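The values are calculated or read from the model by the stated rules, or taken from the named source; none is laboratory data. Keep in mind that this is a model prediction, so the values were computed, not measured. Methodologically, a virtual Cβ is constructed for each residue, glycine included, from the backbone with ideal geometry; neighbour enumeration extends over all protein chains shown.
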Amino acid sequence: MLRKIFGWTMTLLFAATMVIPFLWMLSTSMKSDEMLLVFPPRFFSKGMSFGSYSKLLELYPMMRMFLNSVIVAISATTGQIVVCAMAAYAFARLHFGGSKFLFLVFLATLMIPFQVIMTPLFIEIRYLNWINTYAGIIMPTMSMRIAFGVFLLRQAFSGIPNELEESAFMDGATHLTIFRSIALPLVKASLATLLVLSFMDSWNSFLWPLLVTRDTSIMTLPVGLSSLHGRYSTEWNLVMAGAVISVLPIIMVFIIAQKQFIEGLSHSGIKG
C-alpha cells in the first residue's frame, strides 16, 4: 500500500513539473502589461483576456508563419516516413552483399553533429538557389532524422515472421506488394512513433530555417517567435501567446497518435 502511495505521489509530482510551466505560459499570455511583473507572481489576475493574441496577429504575420511551419513539418515528415520505411525494409528483409556494413555506416552518421555539416550544407543550398525557398528548408530538415528513422523501422520490420513473407511469395507476391500490403500495416505503431518524433523535430526546427530564410513570407513559426524578443524590452504576454500557438499542433498530433506512439516505443527497444 505504501509503495502504491509513493508511486502515485511521485507520478503526480513529475506530472506537475510538466503541466505547471504550460499553465503558467497560458496564464501569462492572457495577462495585461501591468500584471506581468506583479510580485508575488499570480496564476490568475484581474483583466485577463485574449487581447495578447489579437495584438500578436495584428503586429506580426503569425498566420503566414504558422502556414509555413505546417507546410514544412508535413512535407518533411512525409518525406522522412517514405524514405525511412523503404530503406528500413530493404535493410531488414532484402539480404544483399554488404548490407550489414552499409547499415552500420548509415548509423554512424548519427554521431555527426549538425553543426559540423551546417556550413557545407548551406553552400550546397546556395548553389542550388534554394535560399529563402520551401525546398531549402524542407530537404535538409527531412534528412536530419533519416538514420534514426531507418534504425527504428528496421527493428520493427525484422520482427515480422518469415512465414508471412514466404506465404506471400508462394502466392506470387513481389517485395513491393509485401511491403505495401503486409509489412507496413504490421509496423503501424512504429510508423506512428516516427511520425510524432519527426513532426516535433520539423515543427521545432530553428537553426536551419533561421539560416536559409530572409523574409517573413517564408519564415517558420520558431524563427518568427524569436523576433518577439526586443533588445531592451520584451512583451512577455506576446511571447507566451506565440508559444501557446506554436505548441498546440504538437499536442494535437501527440494526442491523436498517443496509443500507437507508446506501443511503438515499447516494441522497438527504445524504452525510457
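Condition check ((1) surrounded by 11 or more Cβ atoms within 10 Å (Cβ to Cβ); (2) under 28 Å from S246 (Cα atoms)) across all residues:
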residue	(1), (2)
L37	no, yes
M86	yes, no
A92	yes, no
G98	no, no
Would you confirm, using the coordinates I've provided, whether S52 is surrounded by 12 or more Cβ atoms within 10 Å (Cβ to Cβ) and modelled with pLDDT under 75? no
Under 8 Å between Cβ atoms, which residue pairs at least 6 apart in sequence (or on different chains) link something in the range 12-30 that is without any contact (Cβ under 8 Å) to a residue 12 or more places away in the chain with a partner that is aliphatic (A, V, I, L, M)? none
Select from the range 97-106 the residues that are part of a helix (DSSP H, G or I) and modelled with pLDDT under 85 and list them in ascending order. S99, K100, F106
Any residue in the range 183-210 that's under 18 Å from F91 (Cβ atoms): show its pairings with residues that are outside any helix (DSSP H, G or I) and modelled with pLDDT under 90 at Cβ separation under 7 Å, as long as the two are six or more apart or on different chains. A183/I160; L186/I160
I'd like to check something: does the range 225-244 contain any residue that is touching a residue at least 24 places away in the same chain (Cβ under 8 Å), part of a helix (DSSP H, G or I), within 16 Å of the chain's Cα centre (by Cα) and within 15 Å of N68 (Cα to Cα)? no
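A quick yes/no check of all residues on (1) at pLDDT below 90; (2) small (G, A, S); (3) surrounded by fewer than 16 Cβ atoms within 10 Å (Cβ to Cβ):
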site	(1), (2), (3)
L164	yes, no, yes
L194	yes, no, no
P209	no, no, no
T216	yes, no, yes
A241	yes, yes, no
M252	yes, no, yes
Q260	yes, no, no
L265	yes, no, no
G269	yes, yes, yes
Restricting the first residue to the range 48-76 and requiring it to be over 16 Å from A243 (Cβ atoms), which pairs with a second residue that is crowded, with 16+ Cβ neighbours inside 10 Å and hydrophobic (A, V, I, L, M, F, W, C) meet a Cβ separation below 6 Å and a spacing of at least six or different chains? M48/M30; V72/I137; V72/I138; A73/F199; A73/W203; S75/I138; A76/I138; A76/M142
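Being in the same structural domain as F157 (by TED's automatic domain parsing) and more than 19 Å from M139 (Cα to Cα), is that true of even one residue in the range 67-80?
no
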